[in-house]
Amino acid sequence: MSDDAVSAIEEEARGLFRQGDYAAAVERIQAHLVSEGEDATVYELLATALKYSSDKAGAAGALMTAGEIYGREGMTIQSIGAQKKAMELGVEPDFSSCRPAGLPGPDRVPTPLFDDLSDDEFNEVAAGLVHRSYEPGDAVVTEGQPGDSMFVISSGEVGVYTLRGGSEVELANLRAGDFFGEAALLSGKPRTATIRASVATTCLELSRSALDEVILRCPRVEDVMKEFNVQRAHATIETLLGRQSD
Ligand code: CMP
């Protein structure tokens, strides 16, 4: 399904949501899936419409289907995110469907933290992740606050900001598949930046204790965190120096 077709049905459904006509939204989205073919984002939209229509079981089913499609397409984090949402509606997850069987396909979205885990390790990590939702403008972590967990973005987008001379400087934008919050975990120091949702965003949160277990089994995870930490510290310095010379 093309991105344009997805945007069109999303816009139409949101219009029907605003009017409170959830049954019509369900019907339109289902018809769209039949005429345009399967798409994980549209199944997630269907789940929202079904939830609004108080059809919890239907919503959970649509989320599990979205999770399967994401998994098949190599979008592992999005797949776990959809299954976590289904779990909140009472469904047993099946994280083995979150990673494509066999070799990664060309469209596989790299998930640097989890790519090296064996299936058993991956299932354990996935089970330990906690699903969080944010509205646009919500802070996920705040500069200067203590931090005891890290996050992987399962949908949406966040901005990374730091305060300099009383004003906020944007350091980066992060999207689905990216992780953040590693700096405070590695250093034991407060958060080095504020992360705010730019649009409606969902993240999977991994606590320090869950992460410690992962690292014990798979030390490569800590190496990846350290690599990103160094790159990000350099990027921050570059951005702030560039700003100074403005
Ligand atoms: P932490 O300091 O725990 O919380 C804020 C997070 O923002 C930090 O971990 C990094 O994950 C992230 N971060 C900080 N600086 C940058 C940057 N320049 N680019 C991308 N992410 C960053």
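Every read-out reported here was derived from the displayed coordinates using simple, explicitly stated rules and does not represent laboratory data. These numbers come from a predicted model, not from an experiment. Heads up, the Cβs are rebuilt from the backbone with ideal geometry, glycines too, and the neighbour counts pull from every protein chain shown.
Under 18 Å between alpha carbons: how many lysine pairs meet that in the chain, if sequence neighbours fewer than 8 apart on the same chain are excluded?
Lysine pairs meeting the criterion: 5.
How long is the gain from Ala200 to Glu143 if the chain were fully straight, where each residue apart is worth 0.36 nm and the alpha carbon distance is subtracted?
Going from the current span to full extension adds 18.4 nm.
Once each part is reduced to its C-alpha centroid, what is the distance from the range 16-51 to the range 113-186 in angstrom?
Their Cα centres are 29 Å away from one another.
Could you tell me the relative contact order of the range 1-121? Use alpha-carbon pairs under 8 Å, at least six residues apart, and round to a whole percent.
18
For the pair Lys226 and Glu92, what calculated FRET efficiency results from E = 1/(1 + (r/R0)^6), where r is the Cβ-Cβ distance and R0 = 30 Å, to the nearest 0.05?
About 0.25, to the nearest 0.05.
Put a dot 7 Å past each Cα toward the Cβ at Glu38 and Asp120; how far apart are the dots in nm?
3.0
For every helix of n ≥ 4 consecutive DSSP H residues, a contribution of -39,500 (n - 2.57) applies; sum these over the chain, divide by its total residues, and give [θ] at 222 nm rounded to the nearest 500 deg cm²/dmol.
Calculated at 222 nm, the ellipticity per residue is -16500 deg cm²/dmol.
Treating the angle as unsigned and between 0 and 90°, give the value, to the nearest 10°, between the Cα long axis of helix 40-52 and the longest Cα principal axis of the chain.
So the helix axis and the longest Cα principal axis differ by about 70 degrees.
Taking Cα pairs under 8 Å and at least six residues apart, what relative contact order does the chain come out at, in percent?
Value for the chain: 16 percent.
How many nm is it between the label spots at Ser133 and Leu216, if each spot is 7 Å from the Cα in line with the beta carbon?
3.4
For the range 2-48, rounded, prolate or oblate, judged on the Cα gyration tensor with a ≥ b ≥ c (square roots of eigenvalues), a/c < 1.5 rounded, else prolate if a/b > b/c?
Judged from the Cα gyration tensor, the range 2-48 comes out prolate (a/c at least 1.5, a/b above b/c).
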